[in-house]
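I have placed the structure first, in the form of structure tokens, so that the comments after it can refer back to it.
The values are calculated or read from the model by the stated rules, or taken from the named source; none is laboratory data. Not measured: the values here are computed from a predicted model. No Cβ is skipped: glycine too gets one built from the backbone with ideal geometry, and neighbour counts run over all protein chains shown.
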Amino acid sequence: MNDYEKTLETLAKNIRKRRAELKISQDELAYLAGVHRAYIGSVERAEKNITIGSIYKIAKALNITINELIANN
């Protein structure tokens, strides 16, 4: 796995974790972020390339910073 793939995996894990902490569904997150639910699912499985704009929208919807979303804890 290269660094890019590792970053996508970390992002996916952090989105799933934060969504679980907030107890919101993929549908709710998609609505709050202004994206399609299927897109959230693909991102959470690290199957989809994601733009910085989408990362920003998702971070804002999750009330978390972009840095926190991509941090490898």
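Of note:
- Complete set of residues in the range 46-73 that are of a type in the set (A, V, I, L, M, F, W, C) and assigned to a loop (DSSP other than H, G, I, E, B): Ala46, Ile50, Leu62, Ile64, Ala71
- Qualifying residue in the range 37-47 (condition: exposed (fewer than 12 other Cβ atoms within 10 Å of the Cβ), modelled with pLDDT of 95 or more and either under 11 Å from the mean Cα position of the chain (by Cα) or not hydroxyl-bearing (Ser, Thr, Tyr) (or both)): yes
- Among the residues of this structure, Val35 does not count as one that is within 22 Å of Met1 (Cα to Cα), in contact (Cβ under 8 Å) with a residue 12 or more places away in the chain and not aromatic (Phe, Trp, Tyr).
- Restricting the range 55-64 to residues that are under 11 Å from the mean Cα position of the chain (by Cα) and more than 13 Å from Leu8 (Cα to Cα), the residue that is surrounded by the most Cβ atoms within 10 Å (Cβ to Cβ) is Ile58.
- Filter result for Val43 (in a helix (DSSP H, G or I) and either touching a strand residue (DSSP E or B) at 6+ places or on another chain (Cβ under 8 Å) or touching a residue at least 12 places away in the same chain (Cβ under 8 Å) (or both)): yes
- Residue within the range 22-35 that is out of contact with any helix residue (DSSP H, G or I) (no Cβ under 6 Å at 6 or more places or on another chain), of a type in the set (S, T, N, Q) and surrounded by fewer than 14 Cβ atoms within 10 Å (Cβ to Cβ) present: yes
- Output for the range 39-71, where each listed residue is of a type in the set (S, T, N, Q) and out of contact with any Lys or Arg (no Cβ under 8 Å at 6 or more places or on another chain): Asn49, Thr51, Ser54, Asn63, Thr65, Asn67
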